[in-house]
Amino acid sequence: MRRRPERLAELIRRELGRILSGGLGDPRIGFVTLTRVEVSPDLTLAKIHLSVMDSPAKERTTLQGLNSAKRRIRGELGDVLKLRRMPELAFFADHGVKQSIRISSILTDLERERSRRAEGQAEAPAPDDSKEPQSDDD
């Protein structure tokens, strides 16, 4: 089992997070969340998956900005990581976070609706069983 790609992926994720939080000066790059980094077994490619919590158009422009800044980002990572050869960087949108939030919201809405219906049934007047049946003798 090769652990070096996994260790390198974690280092890239951490340092890239630091670089992005410092800002790259490109207005196209919005707020991004790094979801995962995968490094190829031969260490030549790093696939960077990120989530942009905005419109699809903003997501596209953020990816364009990151691709434009790829050389600068790769250089900064190389300076910090001191690698003989820095992997190429490829940026990908990760929609898993958005989908998780959407599913969570749907489940919350369903639970509220279920609770509301249960409260409505509980508030309905119960049949009055306290009355004794009348006898024919009266």
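None of the figures in this text is laboratory data; all of them are computed from the coordinates on show. Just so it is clear, the model here is predicted, and its values are computed rather than measured. FYI the Cβ positions are ideal-geometry reconstructions off the backbone, even for glycines, and counts take in every protein chain you see.
Before moving on, here are some points about what is shown:
- Cα→Cβ-extended label distance, 7 Å offset, between Glu6 and Ile106, nm: 3.3 nm
- The length gained by stretching the chain between Arg14 and Thr44 to full extension, at 0.36 nm per residue less their Cα-Cα distance, is 9.0 nm.
- Loop-located trypsin sites (Lys or Arg not before Pro) in segment 1-50 (DSSP state not H, G, I, E or B) with no more than 16 neighbouring Cβ atoms inside 10 Å: Arg2, Arg3, Arg28.
- Beta bridge orientation in segment 4-98: antiparallel %, DSSP, nearest 5: 55 percent
- For segment 4-98, the share of alpha carbon pairs falling in successive 5 Å distance bins from zero is 2, 14, 26, 27, 18, 9, 3, 0 percent.
- Local electrostatic count, Leu34, Cβ distance below 10 Å [Lys/Arg +1, Asp/Glu -1]: +2
- Across segment 37-98, C-alpha contacts under 8 Å between residues 6 or more apart give a mean separation that, scaled by the residue count, equals a relative contact order of 49 percent.
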